[in-house]
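Asks: First the structure, which I've put down as structure tokens, then a few questions once you've had a look.
Since every read-out is calculated from the coordinates, none of them should be taken as a lab result. Values in this document were obtained by computation on a predicted structure and should not be read as measured data. Positions of Cβ are backbone-derived with ideal geometry, glycine not excepted, and every protein chain shown enters the neighbour counts.
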Amino acid sequence: MKPAPFAYKKARSLDEAVALLGAYPDARLLAGGQSLIASLNMRLSQPSLLIDINGIEGLDGIALKNGVVEIGALTRHVQAERSEIVARHAPLVARALPYIGHVAIRNRGTIGGSIAYADPAAELPACLLALGGEVVAHGPQGARRIAAEDFFKGLFETALGPHELVTAIRVPAVRAMSRFGFAELARRHGDYALVGLAASARAAGRGFANVRLGFFGVGATPLRAKRAETALERGDVDAAVAALDLNPLDDVQASGAVKQHLAGVLLRRVATQLMEAAR
Amino acid sequence: MSDLRLDISLIVNGESVSERVDARKTLVDFLREDLGLTGSHIGCEHGVCGACTVLVNGEIVRGCLMLAVQCDRATVETIEGLSDSGEVTDLQAAFAQRNALQCGYCTPGMIVAAQDLLQRGGVPSREQIREHLSGNYCRCTGYHAIVDAVEAVAQARAGGKA
């Protein structure tokens, strides 16, 4: 299908984008467009105005500052994939990126778009949750930071206000005892996951401290599995799998029971990755 | 609002183009309907099938997931441009020779994506070829012949035998 008619404006600054969002309540922001244009084509979304933010300067780029990796919202997936800073200092993100769509999608898709769209089966929101990262947003009152834990509210629903946009994500840089794991199951490479898991931890003796499990594809948002985290901190993988209390619902791809089983399979794979020394 | 139609200027297959387009027109519709470049095909129109793969500023993209207005001042190359320049003649021949196409609907997108991999140089593994073409669907061939063709061309370009 073809999109319904809409107007198009290029925002030259963050403030202009915020002002346009205020003036046109049903406007949508256009960043990479890899989800938005698909939903326009299917007429699942029919805004009167697209605000193209691709021309706003200073919204892309990747920097390491004070132990934090900050990735600008307009950074394309492919730029992050090729980034030495991401590879060295945010290896969980580096590991997740190749699972996002396909080359042609990652050439256009943006980091901020993946976060703001908040697809429950997407990789980056779960990574942000597993890393205890933050979203930087800009709105009429200026900039603010929102913890990942508080950002993902519901199905495609975030803590962003109606006139706010994501300008960057921030994740803590890797440290000596940091451990990461990532795995997902999809019917075809590049599809959204049936179930996926992004995890971070700190090695401590035979077990771990600060285990954070970010499951995706099992609920309305990426989900922590806190009872399983506690079991994994003791180094008890069987107990961690038994303690998984995700209760995924049936969807078009798989039944809830299948997803629950696959979540346990992924947890075992990721636990093995966490036990390997950081590379 | 007055921004339902906009003027754009871009370079398509080496030629300057200036047109007025609907804001809602996708790049692939612009190429096919306004410029008559019908080699880029429309399959799913939501970014899944890869039949509309073209190059924008040297990178492969989905022609159905970009708007024509976003290509103002961009450089676009399509299968017609790659064919005319002779850049993909060997790939096209290998596809024909190895039955890597049956209905041919996915072939322009396949060739553009395969060339994107091969122009990086070296001989990619079959796994890398499959990974790079994973966003391009073929409903006829089962992919083996396509991977064979791309691998053969990679080897031939690297100086081995096809």
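Asks: Do we find a residue being part of a helix (DSSP H, G or I), under 15 Å from B:Leu37 (Cβ atoms) and touching a residue at least 24 places away in the same chain (Cβ under 8 Å) anywhere in segment B:88-105? It would help to see each step written out before you state the result.
Replies: Taking segment B:88-105 first, the residues part of a helix (DSSP H, G or I) are B:89-97.
Of the ones still in play, those that are also under 15 Å from B:Leu37 (Cβ atoms) are none.
No, every residue in segment B:88-105 fails to be part of a helix (DSSP H, G or I), under 15 Å from B:Leu37 (Cβ atoms) and touching a residue at least 24 places away in the same chain (Cβ under 8 Å).
Asks: If you scan segment B:126-148, which residues turn out to be β-branched (Val, Ile, Thr) and touching an Asp or Glu at 6+ places or on another chain (Cβ under 8 Å)? Walk me through it before giving the result.
Replies: Pass one, segment B:126-148, residues β-branched (Val, Ile, Thr): B:129, B:141, B:146-147.
Residue satisfying the conditions is B:Ile129 alone.
Asks: Can you pull out every residue in segment A:170-210 that is charged (D, E, K, R) and not in a loop (DSSP other than H, G, I, E, B)?
Replies: Here is the first cut: in segment A:170-210, the ones charged (D, E, K, R) are A:170, A:175, A:179, A:184, A:187-188, A:191, A:202, A:206.
Correct list: A:Arg170, A:Arg179, A:Glu184, A:Arg202.
Every residue, every condition in (1) closer than 21 Å to A:Leu40 by Cα; (2) touching a residue at least 60 places away in the same chain (Cβ under 8 Å); (3) among the hydroxyl-bearing types (Ser, Thr, Tyr), yes or no:
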site: B:Val17; (1), (2), (3): no, no, no
site: B:Val21; (1), (2), (3): yes, no, no
site: B:Gly39; (1), (2), (3): no, yes, no
site: B:Cys52; (1), (2), (3): yes, no, no
site: B:Arg73; (1), (2), (3): no, yes, no
site: B:Gly81; (1), (2), (3): no, yes, no
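Asks: Failed condition for B:Val54, given (1) surrounded by 15 or more Cβ atoms within 10 Å (Cβ to Cβ); (2) in contact with a strand residue (DSSP E or B) (Cβ under 7 Å, 6 or more places away or on another chain); (3) away from chain A (no Cβ under 11 Å), with all others met?
Replies: (3)
Asks: Then there's this: Conditions first: (1) within 13 Å of chain A (Cβ to nearest Cβ); (2) without any contact (Cβ under 8 Å) to a residue 40 or more places away in the chain; (3) outside any helix (DSSP H, G or I); (4) under 17 Å from the mean Cα position of the chain (by Cα). B:Pro124 passes all but one, so which condition is the exception?
Replies: Tallying (1) within 13 Å of chain A (Cβ to nearest Cβ); (2) without any contact (Cβ under 8 Å) to a residue 40 or more places away in the chain; (3) outside any helix (DSSP H, G or I); (4) under 17 Å from the mean Cα position of the chain (by Cα), B:Pro124 fails exactly one: (4).
Asks: Sticking with this structure for a sec: Taking B:Arg32 as meeting all but one of (1) in contact with a Phe, Trp or Tyr (Cβ under 6 Å, 6 or more places away or on another chain); (2) part of a helix (DSSP H, G or I); (3) of a type in the set (Lys, Arg), write down the number of the exception.
Replies: Going through (1) in contact with a Phe, Trp or Tyr (Cβ under 6 Å, 6 or more places away or on another chain); (2) part of a helix (DSSP H, G or I); (3) of a type in the set (Lys, Arg) one by one, B:Arg32 breaks only (1).
Asks: Can you confirm whether segment A:178-192 contains a residue that is in contact with a helix residue (DSSP H, G or I) (Cβ under 7 Å, 6 or more places away or on another chain) and under 28 Å from A:Ser13 (Cβ atoms)?
Replies: no
Asks: In addition: Being in contact with a Ser or Thr (Cβ under 9 Å, 6 or more places away or on another chain), exposed (fewer than 14 other Cβ atoms within 10 Å of the Cβ) and under 19 Å from A:Ala121 (Cα atoms) is true for just one of A:Gly154, A:Gly181. Which residue is that? Break it down stepwise before answering.
Replies: Numbers: A:Gly181 fails: exposed (fewer than 14 other Cβ atoms within 10 Å of the Cβ).
From the options A:Gly154, A:Gly181, the qualifying one is A:Gly154.
Asks: Would you point out which residue out of B:Cys49, B:Cys64 is under 17 Å from the mean Cα position of the chain (by Cα), part of a loop (DSSP other than H, G, I, E, B) and facing chain A (nearest Cβ under 9 Å)?
Replies: Of the residues listed, the single one that is under 17 Å from the mean Cα position of the chain (by Cα), part of a loop (DSSP other than H, G, I, E, B) and facing chain A (nearest Cβ under 9 Å) is B:Cys64.
Asks: Same structure, new question: Just to check your reading of the model, which residue among B:Ala145, B:Ala94, B:Ala156, B:Ala152 is more than 14 Å from chain A (Cβ to nearest Cβ), more than 15 Å from B:Cys52 (Cα to Cα), of a type in the set (A, V, I, L, M) and surrounded by fewer than 18 Cβ atoms within 10 Å (Cβ to Cβ)? Even if it seems obvious, please write down each step before you answer.
Replies: Details: B:Ala145 fails: surrounded by fewer than 18 Cβ atoms within 10 Å (Cβ to Cβ); B:Ala94 fails: surrounded by fewer than 18 Cβ atoms within 10 Å (Cβ to Cβ); B:Ala152 fails: surrounded by fewer than 18 Cβ atoms within 10 Å (Cβ to Cβ).
B:Ala156 is the lone residue from the list that is more than 14 Å from chain A (Cβ to nearest Cβ), more than 15 Å from B:Cys52 (Cα to Cα), of a type in the set (A, V, I, L, M) and surrounded by fewer than 18 Cβ atoms within 10 Å (Cβ to Cβ).
Asks: Tell me whether segment A:78-93 contains one or more residues that are within 14 Å of chain B (Cβ to nearest Cβ), surrounded by 22 or more Cβ atoms within 10 Å (Cβ to Cβ), within 27 Å of A:His189 (Cα to Cα) and in contact with a helix residue (DSSP H, G or I) (Cβ under 8 Å, 6 or more places away or on another chain).
Replies: Looking only at segment A:78-93, we keep the residues that are within 14 Å of chain B (Cβ to nearest Cβ), and these are A:78-79, A:81-82.
Those still in the list that are surrounded by 22 or more Cβ atoms within 10 Å (Cβ to Cβ) too: none.
No, that holds for no residue.
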